[in-house]
2 protein chains.
Amino acid sequence: MKWRDDLRQLDKEIVLLAHSMAILGWDQETYMPRKAIGERAEQLALLQGICHDKIVDPRWQDAFESMGIEDVNRFPVEGLSDDQALLREAFRRYQKEAALSKDLVMAISRQTSLSQAKWAEAKKARNYSIFEPELKKLFALVKEKAETIGYQENIYDALLDDYEPYMTLKELEKVFDDFKGPLKDLFFKICDQKSDIPHDFLHLPFSVEKQKKLNKEVLNQLKFPFERARLDESEHPFTTTLGMDDVRITTHFHEEYFPAAFFGTVHEAGHALYELGIDSRWAESVIADGVSLGVHESQSRLWENIVFRGKSYWQGYYPELSKIYPENFKDVRVDQFYKAINRVEPSLIRIEADELSYNLHIIIRFELEKRLFAGDIDTKDLPEAWNKAYKDSLGIMPSHNSEGVLQDIHWSMGAFGYFPTYSLGNLYSAQIYHKMKQDISDLEQDIANRKFDKMVQWLGQNIHQYGKFYRAKDLMKKATGEDLNPKYFMNYLNQKFGEIYGL
Amino acid sequence: MKWRDDLRQLDKEIVLLAHSMAILGWDQETYMPRKAIGERAEQLALLQGICHDKIVDPRWQDAFESMGIEDVNRFPVEGLSDDQALLREAFRRYQKEAALSKDLVMAISRQTSLSQAKWAEAKKARNYSIFEPELKKLFALVKEKAETIGYQENIYDALLDDYEPYMTLKELEKVFDDFKGPLKDLFFKICDQKSDIPHDFLHLPFSVEKQKKLNKEVLNQLKFPFERARLDESEHPFTTTLGMDDVRITTHFHEEYFPAAFFGTVHEAGHALYELGIDSRWAESVIADGVSLGVHESQSRLWENIVFRGKSYWQGYYPELSKIYPENFKDVRVDQFYKAINRVEPSLIRIEADELSYNLHIIIRFELEKRLFAGDIDTKDLPEAWNKAYKDSLGIMPSHNSEGVLQDIHWSMGAFGYFPTYSLGNLYSAQIYHKMKQDISDLEQDIANRKFDKMVQWLGQNIHQYGKFYRAKDLMKKATGEDLNPKYFMNYLNQKFGEIYGL
């Protein structure tokens, strides 16, 4: 077929440009000199514009028309060919991008770089007003983009679709509604407990040099392929794909709390293993990407929470850890350590929250986003609305905006509709783990022995290799035998925390 | 004028793309995971191709034709306007690039990335045959490029013009012929000396941690602006410009020889100060670049050799240095140290050579390049020809190719015609320093006190700010009052080494 050579080359160029932008973005977050931010924004905007032109190249339109492609949902699931999958995803990308003018695309790219820089400054200064004017501009541009692309029922559909393709607000709310109640019940039961779990030993000095070695050690346990990947430091941890053989993660060390960098690193490593596991036949194509942020997050959460915050792992590895920090852990038994790293409490910072209340942080952001896009509140109202929501949901209030509305980078990047995918990730991860446990005998024993080969292989075979070949919902059904079902996550939480808290 | 808005935007996009490529290149040399090399080459080739399209955009041709621009040498020197300078350099760039097909440009870019990777591998393995097949391909492409662009007398003119714009082989040979004889005379006189300068204390363990601090300290003496610049590590030290406010240098630490990283760092810092000193009104334009590699090298050499290998600096700073490494220097007086870091000897490695015999290393490479492009020798003959030239000129032979033909990165990057600019840099630097010394009273005293403000300011005013506004020869005349004259460099060498060796 003519389109194969021609469009696959065009598709390849789009991906090469996206990866080039990822390099510029990675550098901006890790090593770039401070004053270079202005020109970096210009560089990224230019590349974004060039990329846009290639995504909406008329040859795509011609091909789609000549093949009668009109609706991404009309492709088959069973018997889907490689060509069909490529066309489906290229069509999706084309539709979204063609709706936008190049000016709007470049304006968003430029504004994103600036907003992000102002966010970092504002967070440092604990001063929301430094950030708000740039956020306001970015919010307006993102809203314009969503309106231009269009949606069936709610503007939030258009936002969500960027991060959890093919999912609607209605579907998302149904899933959330199913587990919100049981989640809050469990949370309140735990909060009502009289005795707290001792955890002071986690908040002691932990030499950063040793933390760095520890992070490297845990990445080696995962056989993290350093010839195709890197670990660096940045303000906010992230994973980014710079090429099919170049996936980079970052972490952030806290001198008096080692779990932040440790669990942050295995979290990002989970993302990286996903990207590194995509079948090389998809290299430099639209398929070579995580299928959705929710599924992506399932990979990071599965490692971070289910495996590395699990009992089996620490029964195996705690003796080693306590040798690395003998001072800190000399009077701490493994069961005490295990409970401490899983201690549930109302908290202010999302990325430091326990895996249970974490979902309440997400629900707060999700509700704020819906109100923002419904026009019920404005960007300048966010700190107040944020603080009120924390008061209502978790019973606590930030003492300044850097531990409140300024804590997350996402909105400064224009990423509205992104947060819900974190909770989706939790839901997916429990369902996937449930199935994996049925398929791999002695799974918990492997974890205790830090033998992760079979798990990585199972995930590669059932999730990673496919990239965007299947839609997320089809992939989940194929991998686990059923549609997304929140009961697996609630079962997991009830069992784990029931045991820890003796409920 | 119409061209102003339209073409300046186009010019800006070209520079933004060039800087984006510089980011990818910098990352490749510093942090990129090993296996990413293949896709990095593809990314760079794509950006190179996009950049090519913008350089030869038909709007340039239209503008040049409508303004009757036909010859870069017909622009005035006195009274040159900003617009004229921009047009002259854009026309130069256009002419060179328009002669080339996009396929050739992309083929060179791709081959360069691959050859560079193979060079690094070959150097490590001390095995030229790993590198030769890729060098052969690259050489053929560079030759094709030179033939396509064309030249007046010698194919070497086309090569040289990429690095020392507006200079011909004839002019270059005249300059080299003028100082080759006196240079060799001085070198042989020194080699004939009976007694050698003691220098064992330079070849001792120097803790890399302390070297890092020392490098930072000397950069602080130069007021190196870390908010607009960086220092990193790479196999081969280099300077690269990623943006008007983002200039990065690298160094390479040797655990048993501190001068390598120290003088390497101040060398690269000299390059960086040039780029950082270009007037911001030229930001993101074709003018915002060093005028020629020779003049660029004059800036690095002036700092590295004349200032930091000079007597005044060490009379001031040696007490501090000997406090940092008390073991190494406890029995060494400043005059002994000064002589040791300036010791002349026949040597194999160009970047470790003294500033006198350094020029013999350059002449060897220059002669080999001429023979290669004249077809007298082939890439496979290079090791033998190299070794013979070293035997003839310096009386010594490499014991393996990594200290011979594989030592330099340049040819692996397709940079033929580049080496002579290093010696041009030495010649320019002495002439510039001669004039600067007339203009700044107590210059040597300032150096002894590590007060470099006046020097940086003088260089900024007379050299840096202009970028490519003037041609190199016009800039030199303006800054120093006369054309390039090798006598200043020979006077400098005769005086410095005459004193050191008591000639």
For segment A:436-451, what are the residues that are surrounded by fewer than 18 Cβ atoms within 10 Å (Cβ to Cβ) and touching a residue at least 24 places away in the same chain (Cβ under 8 Å)?
A:GLU444, A:GLN445, A:ALA448, A:ASN449, A:ARG450
Checking B:LEU293 against (1) under 21 Å from the mean Cα position of the chain (by Cα); (2) open to solvent by less than 20 Å² (accessible area, probe 1.4 Å); (3) not small (Gly, Ala, Ser), which test does it fail?
(2)
Taking the options B:LEU219, B:LEU231, name whichever one is under 22 Å from B:VAL307 (Cα atoms), open to solvent by 40 Å² or more (accessible area, probe 1.4 Å) and within 20 Å of the chain's Cα centre (by Cα).
B:LEU231
Please name all residue pairs, on different chains or six or more residues apart, with Cβ atoms under 6 Å, provided the first residue is in segment A:480-496 and is among the aromatic types (Phe, Trp, Tyr) and the second residue is open to solvent by 50 Å² or more (accessible area, probe 1.4 Å).
A:TYR488/A:HIS434
Check segment B:298-321 and report whether any residue there is touching a strand residue (DSSP E or B) at 6+ places or on another chain (Cβ under 9 Å) and at pLDDT 95 or above.
yes
So which of B:LEU135, B:LEU186, B:LEU172 is under 18 Å from B:SER393 (Cβ atoms) and of a type in the set (A, V, I, L, M)?
B:LEU186
Among the residues of segment A:5-18, is there at least one that is part of a helix (DSSP H, G or I), facing chain B (nearest Cβ under 8 Å), out of contact with any Gly (no Cβ under 8 Å at 6 or more places or on another chain) and open to solvent by less than 10 Å² (accessible area, probe 1.4 Å)?
yes
Please find, within segment B:349-362, the residue that is surrounded by the most Cβ atoms within 10 Å (Cβ to Cβ) out of those that are modelled with pLDDT of 95 or more and under 19 Å from B:SER402 (Cα atoms).
B:HIS361
Just to check your reading of the model, which residue among B:THR250, B:THR241 is in contact (Cβ under 8 Å) with a residue 60 or more places away in the chain and open to solvent by 10 Å² or more (accessible area, probe 1.4 Å)?
B:THR241
The residue from B:ARG59, B:ARG93, B:ARG88 that alone is within 19 Å of B:SER20 (Cβ to Cβ) and touching a helix residue (DSSP H, G or I) at 6+ places or on another chain (Cβ under 7 Å) is B:ARG93
Quick count over segment B:162-214, residues being under 20 Å from the mean Cα position of the chain (by Cα) and either open to solvent by 80 Å² or more (accessible area, probe 1.4 Å) or within 30 Å of B:LEU231 (Cα to Cα) (or both), is 4
Among the numbered conditions (1) surrounded by fewer than 22 Cβ atoms within 10 Å (Cβ to Cβ); (2) within 14 Å of another protein chain (Cβ to nearest Cβ), tell me where A:ASP279 comes up short.
(2)
Can you name the number of the only condition in (1) buried (at least 24 other Cβ atoms within 10 Å of the Cβ); (2) in a helix (DSSP H, G or I) that B:TRP314 fails?
(1)
Can you tell me which residue in segment A:19-68 is farthest from the other protein chains (Cβ to nearest Cβ), limited to those that are acidic (Asp, Glu), in contact (Cβ under 8 Å) with a residue 40 or more places away in the chain and in a helix (DSSP H, G or I)?
A:GLU29
So which residues in segment B:397-432 are out of contact with any helix residue (DSSP H, G or I) (no Cβ under 8 Å at 6 or more places or on another chain) and of a type in the set (Asp, Glu), if there are any at all?
B:GLU403
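With the structure loaded, tell me whether B:LYS380 is over 21 Å from B:SER234 (Cβ atoms), open to solvent by 30 Å² or more (accessible area, probe 1.4 Å) and touching an Asp or Glu at 6+ places or on another chain (Cβ under 8 Å) or whether it fails that test.
Here the answer is yes, as B:LYS380 does meet what is asked.
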Answer with yes or no whether A:GLU297 is touching a helix residue (DSSP H, G or I) at 6+ places or on another chain (Cβ under 7 Å), closer than 30 Å to B:GLU42 by Cα, free of Cβ contacts under 8 Å to residues at least 24 places away in the same chain and assigned by TED's automatic domain parsing to the domain that holds A:MET490.
no
Are any of the residues in segment B:45-52 touching a strand residue (DSSP E or B) at 6+ places or on another chain (Cβ under 6 Å) and either crowded, with 21+ Cβ neighbours inside 10 Å or on the phi < 0 side of the Ramachandran plot (or both)?
no
Count of residues meeting criterion [in a helix (DSSP H, G or I), over 21 Å from A:GLU65 (Cβ atoms) and open to solvent by 20 Å² or more (accessible area, probe 1.4 Å)] in segment A:89-110
6
Conditions first: (1) touching a residue at least 40 places away in the same chain (Cβ under 8 Å); (2) assigned to a loop (DSSP other than H, G, I, E, B); (3) under 24 Å from A:GLU275 (Cα atoms). A:ILE351 passes all but one, so which condition is the exception?
(2)
Which of the numbered conditions does B:LEU159 fail, given that it passes all the others? Conditions: (1) touching a residue at least 60 places away in the same chain (Cβ under 8 Å); (2) open to solvent by 60 Å² or more (accessible area, probe 1.4 Å).
(2)
Mind checking which strands (runs of 3 or more DSSP E) fall wholly inside segment A:180-252 and carry at least 1 residues that are out of contact with any strand residue (DSSP E or B) (no Cβ under 7 Å at 6 or more places or on another chain) and within 14 Å of chain B (Cβ to nearest Cβ)?
A:239-243, A:246-251
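Pull up segment A:383-423, narrow it to residues that are of a type in the set (Ser, Thr, Tyr) and more than 24 Å from A:LEU172 (Cα to Cα), then point me to the one that is least open to solvent (accessible area, probe 1.4 Å). Walk me through how you get there before you give the answer.
Start the filter on segment A:383-423 by keeping residues that are of a type in the set (Ser, Thr, Tyr), which leaves A:390, A:393, A:399, A:402, A:412, A:418, A:421-423.
Now narrow it down to the ones that are more than 24 Å from A:LEU172 (Cα to Cα): A:399, A:402.
Values: A:SER399: 95, A:SER402: 16 Å².
It comes out as A:SER402.
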How many of the residues making up segment A:475-490 are surrounded by fewer than 19 Cβ atoms within 10 Å (Cβ to Cβ) and not in a loop (DSSP other than H, G, I, E, B)?
3
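The values are calculated or read from the model by the stated rules, or taken from the named source; none is laboratory data. Please read these numbers as outputs of a predicted model, since none were measured by experiment. In this analysis, Cβ positions are derived from the backbone assuming ideal geometry, glycine residues included, and neighbour counts consider all displayed protein chains. Note: accessible area is taken over every heavy atom of the protein model, side chains too, but ligands, DNA and RNA are not part of it. Shrake-Rupley method; radii C 1.70, N 1.55, O 1.52, S 1.80 Å.
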